[in-house]
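The values are calculated or read from the model by the stated rules, or taken from the named source; none is laboratory data. Owing to the predicted nature of the structure, the values given are computational and were not obtained by experimental measurement. Ideal geometry is used to build each Cβ from the backbone, glycine not excepted, and the neighbour counts take in all protein chains shown. Accessible surface areas use protein heavy atoms only, side chains included; no ligands, DNA or RNA. Shrake-Rupley method; radii C 1.70, N 1.55, O 1.52, S 1.80 Å.
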Amino acid sequence: GIVGVFGYGGGVIGRYCDMPEEFPGVAHFHTMRVSQPGGKFYTAKYLRDLCDLWDRRGSGITNMHGSTGDIIFLGTTTPQLEEIFFELTHNMNQDLGGSGSNLRTPADCIGSARCEFSCYDTQALCFTLTNDYQDELHRPAFPYKFKFKFDGCPNCCVASIARADMSFIGTWRDDIRIDQEAVQGYIGGELMPNAGAFAGRDWGKFSIQKEVIRLCPTECM
């Protein structure tokens, strides 16, 4: 059978046991996909609210960001689907993710919010395209699933190449810019390497190859 919530074709994966009389506890064991926040930034309260909701109306088993990228709620019954959906959307301002033959929930890396290597605002682009393609997320209309993933740089932390049909990867599009005064200050000891994290030991002579060039994620220097 196929189950879901009213008005949505995606977000719920129906799971039924072939022997419900023998295993009544898992006669229904539906999975729900919940749209993850941009960059997967959470507050402790939000995580507690999610877990409390799932403990109350589901199995309590979750999968936080597997290959799909979504928050996965594993195991609930058909009568609980609309109840969970109502609480997510009305009380937590949270939507279901994509499942089935549709656009899956777009996923992004932490981007420029926390990463020095990010070359564009991954969260802004992910947010924009998620809103642009809401219909394709919630109402399957494709012959197969389709995934967007947004990597801020070629480090590919969200694995867009391996796990997406359309990868967005930030690259540097200008000459490498070098603050020569800062370089000389670093070599001369005025600026502490790694903000002083390696202070207190003799790490040997400064090596621009080891300390700068080899640390370039794109190996362009």
Given (1) open to solvent by 20 Å² or more (accessible area, probe 1.4 Å); (2) more than 30 Å from PRO143 (Cβ to Cβ), index of the condition GLY38 fails
(2)
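Only one of THR122, THR77, THR128 is touching a residue at least 60 places away in the same chain (Cβ under 8 Å) and of a type in the set (S, T, N, Q). Can you tell me which?
Values: THR77 fails: touching a residue at least 60 places away in the same chain (Cβ under 8 Å); THR128 fails: touching a residue at least 60 places away in the same chain (Cβ under 8 Å).
Sole residue among the options that is touching a residue at least 60 places away in the same chain (Cβ under 8 Å) and of a type in the set (S, T, N, Q): THR122.
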Could you list, in sequence order, all residues of the stretch 65-101 that are among the polar types (S, T, N, Q) and either modelled with pLDDT under 90 or open to solvent by 10 Å² or more (accessible area, probe 1.4 Å) (or both)?
SER67, THR68, THR77, THR78, GLN80, THR89, ASN91, ASN93, GLN94, SER99, SER101
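Matching residues to (1) farther than 24 Å from GLY11 by Cβ; (2) of a type outside the set (D, E, K, R); (3) open to solvent by less than 60 Å² (accessible area, probe 1.4 Å):
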site: ASP135; (1), (2), (3): no, no, no
site: ASP151; (1), (2), (3): yes, no, yes
site: ILE176; (1), (2), (3): yes, yes, no
site: TYR186; (1), (2), (3): yes, yes, yes
site: ASN194; (1), (2), (3): yes, yes, no
Looking at (1) in the same structural domain as SER35 (by the TED database); (2) under 19 Å from VAL3 (Cα atoms); (3) touching a residue at least 12 places away in the same chain (Cβ under 8 Å); (4) not small (Gly, Ala, Ser), which one does HIS138 not meet, given that it meets all the others?
(1)
Within the stretch 120-133, which residues are in contact with a helix residue (DSSP H, G or I) (Cβ under 9 Å, 6 or more places away or on another chain) and open to solvent by 60 Å² or more (accessible area, probe 1.4 Å)?
ASP121, PHE127
